[in-house]
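Working notes, structure below.
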Amino acid sequence: MQSKRILKIVEVVCLSVFALFVSGCGGAELENKTFPLAVLIAQEDGQHKICYLAQQLSEVSNERADGGNMTAANASGSTYYETHQSFEKNNRCQLDMTHTKAVIFQRGFLESSAFRTFLDTVRSENTYARNTLVYLSDSSMEEMAELNNSLEVPLGSYLEQMTENEQEVNERAFVTLGALLNEQANASRTLLIPVLEVKRDLPVISSYEILQGFVPKGRADAKEAQIYYLLAGQLEQMDVFLDKEEQVKLHCLGCKREFLSDQEKVIERIWLTAEAKRITGKASEERIERMLENRMEEICRTGLEKNEADLTDSSRYLAMYAPDIYRVYGKRAEEYRKNLMYEVHVQVRMLS
């Protein structure tokens, strides 16, 4: 609890110093600024709905401050830019988004034209930091906003702490506004955007939205996401449950791949290497290897069949590792995925 109180104090000091620096004025200017730590964005009936989740700076430094110092302010308009501007005008304040930690889109926003327009505005206005985290939400905007009051820290800070405390994946796994802006421009990668859901008064990641070639492709569950992170080199360690009695932990994970052409089919051959430590049971290296090979091939194949999504993100490697195949398919990503097959080989070294 003491560390959380210190974190709050440090955060408000940083915000205050920054605000004074950019304004060149005293406390009156600071009072006219609003610093949302999380922003909820939805598109309903052709209108933008935005909820800015902020914290009263005058109360953050109070050691006895609790969830009561949070604010949730709503705004609506025909575009994100109009909504942002009208909020500032109606509330006689300036929104400072440079310290926003998370942007949370409501279900259906990625499929709307408003998504691209929002990114265009962010790019031109340069209002957000590029490392701002991105989420989707299956829970209502009202449920998410209520978390800003019920959690011990603001929702934006809570989500940031979730990523900092993550031990299985590295920081490159988290989707940010910068990653979305790059993908909007290039449409060359597969991204997994975490989907939040409120359970027992806490925001939890219930699934992942697959964004491939900047097109939403459906949902992936936790097991599918784990394989995606593994093949992307974004997994630090991996818990493998063979059955109820046998569990191992993999680390020092390495992944290599090559591409072969067999008539119209493209075979992506994947080699995974890892060191393993038994947690329970006496599983052999061979059993772990066969189980992983079967699981990875099944998950990747199912992703193609269910969502037409390549969880190996293989097309981004073609130009470098398979230029002949790249020249055949070029920008024809959909045709490439229809002809894609997987072959997985795993080599595990068991540590004593």
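The values are calculated or read from the model by the stated rules, or taken from the named source; none is laboratory data. For clarity, every value in this text was computed on a predicted model and none was experimentally measured. Don't worry about glycine lacking a Cβ; one is built from the backbone with ideal geometry, like all the others, and counts go over all protein chains shown. Heads up: the accessible areas ignore ligands, DNA and RNA and are worked out on the full protein's heavy atoms, side chains in. Shrake-Rupley method; radii C 1.70, N 1.55, O 1.52, S 1.80 Å.
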Quiz item: Distance from the Cα centre of the range 123-165 to that of the range 287-352, in angstrom?
Solution: 33 Å
Exercise. List the residues whose amide H sits under 5 Å from the amide H of Thr71, counting only those 5 or more places along or on another chain, with H placed 1.01 Å from N in the peptide plane.
Key: Ala54, Gln55, Gln56
Quiz item: For Glu245 and Glu111, FRET efficiency with R0 = 45 Å and r from the beta-carbon atoms, rounded to 0.05?
Solution: 0.55
Quiz item: Accessible area per residue, 1.4 Å probe, Å², for the chain: what's the number?
Solution: 51 Å²
Practice problem: Among DSSP beta bridges lying fully in the chain, give the percent that are antiparallel, nearest 5. | Solution: 70 percent
Quiz prompt | Alpha-carbon radius of gyration plus Dmax, which is the widest Cα pair, for the range 166-277 in Å | solution = 16.3, 54
Quiz item: Using modelled amide H (1.01 Å from N, peptide plane; none on Pro or chain starts), what sits under 5 Å from the amide H of Leu340, excluding residues fewer than 5 places away?
Solution: Val266
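Suppose a student asked you for the relative contact order of the chain, using Cα pairs under 8 Å spaced at least 6 residues apart; what percent would you report? Don't jump to the answer; show the numbers that get you there.
Numbers: 621 pairs, mean separation 42.2, N = 352.
Once divided by the residue count of the chain, the mean separation gives 12 percent.
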Quiz item: What ranking of Thr71, Thr83, Thr121 comes out by heavy-atom accessible area, probe 1.4 Å, highest first?
Solution: Thr71, Thr121, Thr83
Practice problem: Give me the number: length gained by fully extending Val328 to Ser86, i.e. 0.36 nm times residue separation minus the C-alpha to C-alpha distance, one decimal in nm. | Solution: 82.1 nm
Quiz item: Suppose R0 equals 22 Å; then what is the FRET efficiency for Ser352 and Arg301 from their Cβ-Cβ distance, rounded to the nearest 0.05?
Solution: 0.05
Exercise. Starting from the amide H of Arg189, placed 1.01 Å from N in the peptide plane, find each other amide H under 5 Å away whose residue is 5 or more places distant or on another chain.
Key: Gly213, Phe214
Quiz item: Got a sec to turn the phi values of the range 80-90 into Karplus ³J(HN,Hα) couplings, 6.51 cos²θ - 1.76 cosθ + 1.60 with θ = phi - 60°, whole Hz, x for Gly and Pro?
Solution: 4, 4, 4, 4, 4, 5, 5, 4, 4, 5, 5
Quiz item: Mind listing the phi-derived Karplus ³J(HN,Hα) values for the range 202-213, rounded to whole Hz, using 6.51, -1.76 and 1.60 with θ = phi - 60°, and x for any glycine or proline?
Solution: 9, x, 10, 7, 9, 6, 9, 8, 7, 10, 10, x
Quiz prompt | Contour minus Cα-Cα distance for Gln94 and Met341 (0.36 nm per residue) | solution = 83.6 nm
Exercise. Classify the range 80-228 as rounded, prolate or oblate from the Cα gyration tensor: take a ≥ b ≥ c as the square roots of its eigenvalues, call it rounded if a/c is under 1.5, otherwise prolate when a/b beats b/c and oblate if not.
Key: oblate
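Just to confirm a number: summing +1 for Lys and Arg and -1 for Asp and Glu over residues other than Thr163 whose beta-carbon lies under 14 angstrom from that of Thr163, what do you get? Write out the running numbers ahead of the final one.
Values: positive: Lys101, Arg172; negative: Glu160, Glu164, Glu166, Glu168, Glu171, Glu236.
Charge balance in the 14 Å sphere: -4.
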Quiz item: For the range 295-311, in order, what is each residue's ³J(HN,Hα) by Karplus, 6.51 cos²θ - 1.76 cosθ + 1.60 with θ = phi - 60°, in whole Hz (x at glycine and Pro)?
Solution: 5, 5, 5, 5, 5, 5, 5, 5, x, 5, 6, 7, 10, 6, 10, 9, 6
